[in-house]
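Read the structure below first, then the notes.
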Amino acid sequence: MSEPSLAIARTRVAAQKAAVFFYSETCYNQIVRLLEQLASGDPETWNEAFRCLYPVAFEAARARLGENLTGECEDVAMETLSEILEKSAQVNSEQELKPLTAAIARNKATDRLRRRLAEKRGGNKLQSLEEMVEANAGELPDVPHEEFVDRLAVQELRELLTELSAGVKKEYRVVLRDHFFDQLSYIEIAAKRKISVGSVGVYEQRGIASLRNVIARRPKLQAEFIAMISDGSVVRALLPLVSALQLGGWFYDHMIKFRLRPIDESKLSEEERLRIAREELPQSQFISESQRVSLMEKLKLKHPAQFDLWRLKQEERSRKQQELNLRYRRKNLRTRIIILLVFSAVVYGIIRFIRWLL
């Protein structure tokens, strides 16, 4: 390893150790408390959860329904968060919340898409994936190129997304998105990412292999069925879901901050260049105030005692804030009066002095 690479590696390891120490010492008890508060229905914690999870649910739905059904995506995201309210007690860690949210949202979006297709065909008859494949002479239908994921139940899809987010490296995600979503050629990707043309194909194939290895471990996705799916379909189906998991932020990620000095990219390896590359994530959709109020009403019905206690605390906090504001205004008024009196006395003294001189 070259000297610059070694220095970067040491810096990264030191920063990671510092972050892990800070995280474990400062945040572990808070995360445990966070999960307890979610399960108990603490509205303050759920307010933060809605902020973090709504973009994930929206993007997972949009990845299935497309750009032209934004209203449907919003409805799916709201339905998903309502269901998360019921399933919070089943979550064992903060890191499980996003994959669970994305899995529920995608399955709900798939149900809506199938109902739309059934309405277009007439008779409101829903077709299973096997029937759709059989009707197309053993070929996958043109409309959904990602139906193979629909074989998975919510729990299986959550596990799949958890594995994907951990197993598909950033350097693979960057190249796959450039090629399959931005439609860039190998030469264009090489120029954009400052790597060799030959390396583009290597990273692309490694990324596709990582995706296929993860989905091949799913019991409901038989090997012969997976073989029917093209590489492009695999990437287009799964990469948006991995991107959805990166949206929204985490509850305590703002507490873990460390800064690396600017790096001279000319001294980096191709892999290191891709690892520090900025990922072009979808634009994050934020929950509106009306949507938040609707979810809080459902939370009130589910946890009335906790909600009433929270409301009393909010009223007490608001009362104290009003008292502080009133105290500040009074103090500010007194200060202004004193300044005015002092200024008047000084002016009066100057005038008397001038008259004495004359």
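The values are calculated or read from the model by the stated rules, or taken from the named source; none is laboratory data. Since the model is a prediction, treat every value here as computed from it, not as a measurement. Here the Cβ positions follow ideal geometry from the backbone for every residue, glycine too, while neighbour counts run over all protein chains shown.
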>> Any residue at all in segment 259-282 that's under 24 Å from W46 (Cβ atoms), modelled with pLDDT of 80 or more and surrounded by 10 or more Cβ atoms within 10 Å (Cβ to Cβ)?
In response: no
> Which members of segment 288-299 meet the condition of being assigned to a helix (DSSP H, G or I) and without any contact (Cβ under 8 Å) to a residue 24 or more places away in the chain?
Replying inline: E289, S290, V293, E297
> Which is touching a residue at least 12 places away in the same chain (Cβ under 8 Å) and in contact with a Pro (Cβ under 7 Å, 6 or more places away or on another chain), of L221, L161?
Replying inline: L161
